[in-house]
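Structure first, then comments.
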Amino acid sequence: MARGRVLSTAQGTRPEAFGPAEWGLLSAVALMWGSSFLWIDIGLEAFRPPVIAVARIVMGALALGFIRRSRTPVAREDWPRVVLLAFVWTAIPLLLFPIAQDVGLASSSAGMINGAMPLFAALFASLFLRRLPGSLQALGLLVGFAGVVLVSLSSAGGAGGTVLGTALALVATVLYGLAANIMVPLQQKYGALPVIVRAQLVALAAVLPFGIAAVPDSRWAWPSALAMVMLGVFGTGLAYVASSTLLGRAGPTRGSVQIYFIPVVALVLGVVFLDEEVMAMALAGVALIIVGAYLTSRRERPADTGAPAPVEGLEP
């Protein structure tokens with residue numbers, strides 16, 4: 001990580017093709033984040049969006065804070081990156097997505113927009129590393145995103161959302177792509193837990209005033225409260241750890257392919273718990289996602305397999 005540079009990234013520590021560890025981390029993230037939009041929808045039945053953001057961050061920080069390794073010190077020189085990560089990966093997106101769904105954006109559409117995150121992660125990685133992704137990885141990203149679009153459209157049911165909701169979700173997705181790049185060198189230096197817990201505490205301080213202001217417009221409901229526990233402990237705690245670990249191992253471009261499986265999990269949940277029908281379009285989308293993930297997960301080209309030390313990025 002370049003000293004004094006906030007906007008920088010690094011290559012993954014493992015340029016080889018994905019092994020059991022990488023596929024396991026990807027599956028864990030997909031399962032936890034794939035259900036997040038469902039928990040948000042349940043939460044919105046009683047809580048305002050800022051309350052949801054505060055609740056999930058509190059639950060996530062508490063769940064991770066009990067793990068001893070989360071208290072590993074972080075050097076003062078890296079705190080600007082941690083603070084930036086807190087805003088672009090947690091505070092701002094966790095406010096924007098509930099607001100987007102609250103103003104009319106369908107959860108399927110939110111999932112489709114969120115599915116573009118790997119494309120933005122690859123774009124930022126190319127800027128910071130001054131190198132385009134390998135042709136195989138680029139093809140995999142495009143094929144996978146096409147699959148995300150098909151899966152999401154198959155479950156949209158004609159309900160897309162508002163222009164405002166779409167714009168808010170798109171901004172959040174761009175920030176997620178930036179965050180994936182910022183997280184890689186931090187994870188490689190400290191591991192995921194110390195960085196995530198500190199970032200979540202900073203994010204909590206940022207969103208807490210909004211959450212307090214929204215309490216009078218919210219009401220208590222056990223289903224919504226339990227949904228926040230699930231969303232916080234898994235979707236904001238453990239999922240962030242698994243995601244960060246995969247990003248550190250595979251790098252921002254290949255590691256971000258985990259996002260492509262989120263709508264697949266949402267599709268399965270809809271079939272199992274809501275008796276939804278699976279359209280042929282969805283099955284085709286799932287096939288494309290699997291093919292795209294496989295292509296992206298292959299060993300990086302030789303030009304991309306240098307030492308995993310961080311590479312200088314843009315000036316802060």
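Each value in this text was obtained by applying a stated rule to the coordinates, not by laboratory testing. On a predicted model such as this, the values are computed, not experimentally measured, just so you know. Don't worry about glycine lacking a Cβ; one is built from the backbone with ideal geometry, like all the others, and counts go over all protein chains shown.
Structural remarks
- Under the span-like rule (Cα at least 27 Å along the axis, Kyte-Doolittle mean at least 0.0), DSSP H helices of the chain: 135-154, 163-190, 192-214
- Amide H contacts under 5 Å for THR9: VAL311, GLY313, restricted to partners 5 or more places along the chain or on a different chain, H placed in the peptide plane at 1.01 Å from N.
- Packing-based exposure ordering (other Cβ within 10 Å, fewest first) of TYR176, TYR190, TYR240: TYR190, TYR176, TYR240
- The chain: relative contact order in percent, alpha carbon pairs under 8 Å with at least 6 residues between: 44
- Rounded if a/c under 1.5, otherwise prolate or oblate - the stretch 1-129, Cα gyration tensor axes: prolate
- Within a Gaussian network of the chain (alpha carbon springs, distance under 10 Å), most fluctuating of PRO252, PRO20, PRO49: PRO20
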